[in-house]
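Right, one structure below, let's go through it.
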């Protein structure tokens, strides 16, 4: 089971390697391959409520 912990400064994924790869591929598909990490962190932290 993949767990995501997001703060404005970092993103921490805990799970099996294939789960993490899958989650990163999904984020890449949703936002495009050239999305900066800071933008990804800001959207993930808003979704998780932190």
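Order these by the 10 Å Cβ neighbour count, fewest first: 2, 37.
With the sparsest Cβ surroundings first, the list reads 37, 2.
Among 12, 22, which comes first, second and so on when ranked by fewest other beta-carbon atoms within 10 Å? Let's see the in-between values first.
Details: 12 9, 22 13.
Lowest to highest Cβ neighbour count: 12, 22.
Suppose the chain between residue 13 and residue 34 were pulled fully straight at 0.36 nm per residue; how much longer would it get relative to their current alpha carbon spacing?
Details: separation 21, 0.36 × 21 = 7.56 nm, distance 2.02 nm.
Extra length available between residue 13 and residue 34 comes to 5.5 nm.
Just so you know, all these numbers are worked out from the coordinates, no wet-lab data involved. All of these numbers come straight from a predicted model, not from anything done at the bench. When we count neighbours, we look across all protein chains shown, and the Cβ atoms used for this are built from the backbone with ideal geometry, even at glycine.
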